[in-house]
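A quick write-up on the structure given underneath.
The values are calculated or read from the model by the stated rules, or taken from the named source; none is laboratory data. Keep in mind it's a predicted model, so treat the numbers as computed, not measured. Methodologically, a virtual Cβ is constructed for each residue, glycine included, from the backbone with ideal geometry; neighbour enumeration extends over all protein chains shown.
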Amino acid sequence: MHSQIKHRQKERGSVLVIGLIFGSLLLLSAGLLLKYGVTEKVINERHFLRMEAQNAAEASVEYGFAELKNRWENKTSFTANELSSSPLELPETISSFFAGSNVDTNTMSVIGGQVSTGKWIFIDPEDPANQLDPQKQKLVFSRNVMVYGKAESTPPVGMRNTDPLDVYCSQMLQVRDSPLFGHAIFYNMDLEFHPGPYMNVVGPVHSNGDIYVQSGGGIRFHSTMMSGEGIFHSYKKDMARLSGQLKKVEIKTPGGSWKQMYKGSGDKMADSSYYDSKMGDDWKDEAENRWDGMVGSKDHEVPNMKPMNIEDYIPDDPDTRVNELRNPAYALIEPQLASSDGDYKGTAVQKEQFSYKAGLVLRVREDAAAPSGYDYDFVTYQRSVAAKPNSARTLGADGKPVEVVLDKTLLPAGLVTIEKYAENSIGVPTSGFYDRRQLETMDVVEVDIDLLRSTVDDTASNFNPTAWNGSYQMNAGQYDWNGVMYVEIPYSASSAGRPDKVRKADSGIAVRIKNGSKIPSPTGAVDPGFTFATNAPLYVMGNYNADGRPRTGSATAPDSSSEKPAALIADAITILSNNWQTEDYDGKSKNKPHTRAANFTEVSAAFLTGQSPTVPHTSNFSGGVHNFPRFLEKWSSTEFRYRGSLVALFESEVNWRHMRPNFGSWYSPPRRNWGFSTIFANGQYPPGTPNARDFRRKNFKFITKAEYAAAVEEL
C-alpha cells in the first residue's frame, strides 16, 4: 500500500518537472521569437531607409542629366573641366519633393566629372547592349561624362539604430552628335515611301515625323528605320492602304534575316495583317522582337533629332483656318541679318547658317543699270583667328560678320553669268528658262564650277593663283577657303510677323550650277570636299562630282578613290540631265517634256533641301522620297545615278509647288539608281555638315563610399 502511494508521488513529481521544462522552453521560444521579430523589424526599417536613400541618390543623378541636357542641347564645344567651373546644383525644390520622407535633403549632392575629348564610335547593331539604341548602325561623335549622386536617410525617432544611411551611385551620360549626312534618308517631317518599281534603301533612315511605307514592286531596308512618331503601312495622301502597293516591305535584322511588315497571312488590305503603329500597345514589343531593334518609333523612345540650335518643325493643320506652320530649320539657308532686324534669330542660330559658315560668298544684287538687271560681288569674312578659316567670324556693330569685298576683275569670264528671263514674240524663251512644275519663269544666276575650281583649287590643271588678285588668301597660314560657298539671292522684305521669322529669297530667281564633274578641294583645305549652298532654288545641270560614265562607280561606290565628299543645299533641288546644256533645253523649257529627252546623268553629293509635304485627301502631295530631287525632262527608262544622302529639313518656301496628278506635263521619272554614299558611311562628310544631338545613359551602378570619395578626389 505504501509503495503504491510512493510510486504515484514520483509520477506526479516527474510530470511537474516535465511541465516546468516545457514551460521554460516555451518562454525561451517566445523570447527568441520576440527577439527575432524585433531584429526583423530593425532590418526592415533599415531596408526601407536604404531604399529611400537609393531612390534619392538616383534622383540626384537624374536631375544632373536633365540639367546637362538643358545646358548642352545646343552647345557646340565642351571643355574638359567645365563642370568644375560651373558645377551642377540641385534645385531648392528637392526639400518639398522629399517632404515626409526620411531623406536628409541637406546632404544630397550631384557632381559632374570630366568631359571626355570625344571620339567617333560605331554603334554596332550586333552588340546586345545596343539593341534598343536608335543610333545603331551609325557613326556618332561621342563625349562622355560621369555623374555622381549622393543621398542620406536619417532614422526616425524611436528606431534602435540611429546611424544614418548613406548611398552613392554613378552613371555615364553620352552626348552624341550624329551628322545629318550619316543617314541615307533623313526627314524633319513625315517621310513617305510608295515607289512603283522595286527599291533598295541602303543606310540608316530617320524621320522626326511619321513614316508611311508601301511599294508597288517591293522595297528592302538594309539598315535601321527610325521614326520619332509612328510607322504605318499606308499611303499618306489617302490615309489608307493602296491596293496596287502591296508588295513586300522588308527590313533586315542584325542576324541577316529579312522580315516583312506583312504578318504572312490575312487580308492584305486589312490593318490587322500588318506589324505597324496601328497595333497600339502590342507594337512596341512586336517590333523589338521581330526586327531586333532595327525598327523603332516614339514607342521605342526614338528621339527627335533636330539640327543643333534649331527649334522643332510644326506643320500646318489643314483642318483649321489659321496657319500653324513653324519652319525654323529654313534659317540654315537664309542670309545674314542685322541683329536689329525683326527676323534676326540670335547668335546660336546664326552660327549654324551656311551664310555664316561660308568661306566664300557670292552676293547677287538688283541693279537696274546692268543688262541683266543684276550685279554681284564676292566677299569673305574677317575671323577671330585669321589663319583658321572656320574660326568665329568677327561681328560688326550690326551683329553681321565683317566682310572683305574681293577683287573680281581678274576672275575668268563666265565664272558667273546672270540672265533675265525673256522670250520672243511667239513665247519661246531666249534667256533664262521656264519651270513647268513651278509654273514660273526663272531669272538665272549660273555658276561654272570648273571655272570656280580654277580660282581656288591648286590641284586643278587650270589653276590660276592670281585670279583673285591677292584679295582672297590661298596660302598656308592665311587661308580663306574652307570648302563652303554660299550664293545669296535678293530676298524678300520682312516676313511680316511670322512666328518662325522666315526670310526667303525672291521668287523667280534660280541658281544653276554647271560643269561640276570635278569639285573644288585644294590641298590646303581644312576639310576635303565642297559644300554649295544658297537661299534660292538650285538647278544642277549635268554630272556633279562624278565622271558620268555608267561603267565606273555605282549608286554607293565612288567613281575613284579621289572622289571627295560634296553637299548641295537649297530651297529646292532640280536635276537637269547633261542633255539640257548640250541641246539647249532652256529654249524648250515651256514645252511638254517629250521635247526634252534626258540622257544618263550622275550626281554624287548630299542633298539638304526643302519639300512640299503631302496634305491628306487633296491633290497636293510630296511625291514621296522617290521624288525627292525634282525633274523637268523626259527620262523614261534613262538612268539617273545618285549616291549621297537625302535630307529634307524644312518646307520649301520659294519653289513651293507640290507634285500634282498631272506631273506628266513636266517630266517622266528616270530609272532611279540611288544609294547611300560609302564616303559618308565611312564617316567622311562635306564641310559644314550640320549635326543632330541625342543623349544616352549608360552603366548605372551603386558604389561604395570609398569609390565615391576616390572618384570625386580625382575631379
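Does T556 satisfy the condition of being on the phi < 0 side of the Ramachandran plot and surrounded by fewer than 17 Cβ atoms within 10 Å (Cβ to Cβ)?
It is false that T556 is on the phi < 0 side of the Ramachandran plot and surrounded by fewer than 17 Cβ atoms within 10 Å (Cβ to Cβ).
Here's a check for you: in region 194-223, which residue that is assigned to a strand (DSSP E or B) and in contact with a Lys or Arg (Cβ under 6 Å, 6 or more places away or on another chain) is farthest from T614 (Cα to Cα)?
If we take residues in region 194-223 being assigned to a strand (DSSP E or B) and in contact with a Lys or Arg (Cβ under 6 Å, 6 or more places away or on another chain), then N200 is farthest from T614 (Cα to Cα).
Quick one: which residue in K284, K268 is of a type outside the set (V, I, T) and outside any loop (DSSP other than H, G, I, E, B)?
K284
Collect the residues in region 232-251 that are touching a Lys or Arg at 6+ places or on another chain (Cβ under 7 Å) and either surrounded by fewer than 23 Cβ atoms within 10 Å (Cβ to Cβ) or part of a strand (DSSP E or B) (or both), keeping them in residue-number order.
F232, Y235, L246, E250, I251, listed by residue number.
For E229, are the conditions met, namely being part of a loop (DSSP other than H, G, I, E, B), at pLDDT 95 or above, under 23 Å from the mean Cα position of the chain (by Cα) and not polar (S, T, N, Q)?
The answer is yes for E229.
Filter region 368-396 for residues that are out of contact with any Lys or Arg (no Cβ under 8 Å at 6 or more places or on another chain) and modelled with pLDDT of 95 or more; which is surrounded by the most Cβ atoms within 10 Å (Cβ to Cβ)?
Within region 368-396, the match that is surrounded by the most Cβ atoms within 10 Å (Cβ to Cβ) is T380.
Quick test for you: out of T455, T459, pick the one residue that is surrounded by fewer than 22 Cβ atoms within 10 Å (Cβ to Cβ), of a type in the set (V, I, T) and either assigned to a loop (DSSP other than H, G, I, E, B) or out of contact with any helix residue (DSSP H, G or I) (no Cβ under 8 Å at 6 or more places or on another chain) (or both).
T459
Can you pull out every residue in region 287-331 that is over 17 Å from S207 (Cα atoms) and in a loop (DSSP other than H, G, I, E, B)?
Residues satisfying the conditions are D292, N309, D316, D317, P318, D319, T320, R321, V322, N323, E324, L325.
Check every one of the strands (runs of 3 or more DSSP E) wholly within region 332-419 and list those with 3 or more residues that are over 23 Å from T441 (Cα atoms) and either in contact (Cβ under 8 Å) with a residue 60 or more places away in the chain or in the same structural domain as F650 (by TED's automatic domain parsing) (or both).
374-381, 403-405
Of all residues in region 474-489, which are part of a loop (DSSP other than H, G, I, E, B) and touching a residue at least 60 places away in the same chain (Cβ under 8 Å)?
Across region 474-489, the qualifying residues are G477, D480, W481, N482, G483, I489.
Just a yes or no: is a residue in region 686-707 free of Cβ contacts under 8 Å to residues at least 12 places away in the same chain and either over 25 Å from P613 (Cβ atoms) or buried (at least 23 other Cβ atoms within 10 Å of the Cβ) (or both)?
The answer is yes, given that some residue of region 686-707 is free of Cβ contacts under 8 Å to residues at least 12 places away in the same chain and either over 25 Å from P613 (Cβ atoms) or buried (at least 23 other Cβ atoms within 10 Å of the Cβ) (or both).
Take region 671-703 and flag every residue that is farther than 22 Å from N144 by Cα and either in contact with a His (Cβ under 6 Å, 6 or more places away or on another chain) or of a type in the set (K, R) (or both).
R671, R672, listed by residue number.
Here's the yes/no breakdown for (1) in a loop (DSSP other than H, G, I, E, B); (2) at pLDDT below 95; (3) among the charged types (D, E, K, R); (4) assigned by TED's automatic domain parsing to the domain that holds S223:
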| position | (1), (2), (3), (4) |
| --- | --- |
| F640 | no, no, no, no |
| R643 | no, no, yes, no |
| L649 | no, no, no, no |
| V654 | yes, no, no, no |
| P661 | yes, yes, no, no |
| F680 | no, no, no, no |
| N699 | no, yes, no, no |
| F702 | no, no, no, no |
| Y708 | no, no, no, no |
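Does V167 meet the test of being in the same structural domain as E73 (by TED's automatic domain parsing), crowded, with 23+ Cβ neighbours inside 10 Å and either of a type in the set (D, E) or modelled with pLDDT under 95 (or both)?
Answer is no for this residue.
Quick check on my filter: what residues within region 399-414 are touching a Ser or Thr at 6+ places or on another chain (Cβ under 9 Å) and surrounded by fewer than 17 Cβ atoms within 10 Å (Cβ to Cβ)?
G399, V402, V404, V405, D407, L410, P412
Among the candidates V61, V103, single out the residue that is of a type outside the set (S, T, Y) and in contact (Cβ under 8 Å) with a residue 60 or more places away in the chain.
Answer to the selection: V61.
Only one residue in R551, R512 is assigned to a strand (DSSP E or B), basic (K, R) and either in contact with a strand residue (DSSP E or B) (Cβ under 9 Å, 6 or more places away or on another chain) or surrounded by fewer than 18 Cβ atoms within 10 Å (Cβ to Cβ) (or both). Which one?
Of the residues listed, the single one that is assigned to a strand (DSSP E or B), basic (K, R) and either in contact with a strand residue (DSSP E or B) (Cβ under 9 Å, 6 or more places away or on another chain) or surrounded by fewer than 18 Cβ atoms within 10 Å (Cβ to Cβ) (or both) is R512.
Yes or no, residue by residue, for (1) assigned to a strand (DSSP E or B); (2) at pLDDT below 95; (3) touching an Asp or Glu at 6+ places or on another chain (Cβ under 6 Å):
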{"position": "T117", "(1), (2), (3)": "no, yes, no"}
{"position": "S142", "(1), (2), (3)": "yes, yes, no"}
{"position": "V147", "(1), (2), (3)": "yes, no, no"}
{"position": "E192", "(1), (2), (3)": "yes, no, no"}
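Per-residue answers, yes or no, for (1) modelled with pLDDT of 95 or more; (2) in contact with a Leu (Cβ under 9 Å, 6 or more places away or on another chain); (3) closer than 25 Å to K388 by Cα; (4) not assigned by TED's automatic domain parsing to the domain that holds D343:
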{"residue": "R498", "(1), (2), (3), (4)": "no, yes, no, yes"}
{"residue": "R512", "(1), (2), (3), (4)": "yes, yes, no, no"}
{"residue": "P520", "(1), (2), (3), (4)": "yes, yes, yes, no"}
{"residue": "L538", "(1), (2), (3), (4)": "yes, yes, no, no"}
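Collect the residues in region 421-449 that are among the small types (G, A, S), free of Cβ contacts under 8 Å to residues at least 24 places away in the same chain and not in a strand (DSSP E or B), keeping them in residue-number order.
Across region 421-449, the qualifying residue is only S425.
Go through the residues of region 415-433 one by one and say whether even a single one is surrounded by 14 or more Cβ atoms within 10 Å (Cβ to Cβ), closer than 21 Å to T574 by Cα and within 33 Å of the chain's Cα centre (by Cα).
no
Please list, ordered by first then second residue, the pairs with beta carbon atoms under 7 Å, 6 or more apart or interchain, first in region 554-571 and assigned by TED's automatic domain parsing to the domain that holds T523 and among the β-branched types (V, I, T), second at pLDDT below 95 and assigned to a loop (DSSP other than H, G, I, E, B).
The qualifying pairs are T556/V202.
Would you say D571 is surrounded by fewer than 16 Cβ atoms within 10 Å (Cβ to Cβ), acidic (D, E) and modelled with pLDDT of 95 or more?
No, not satisfied.
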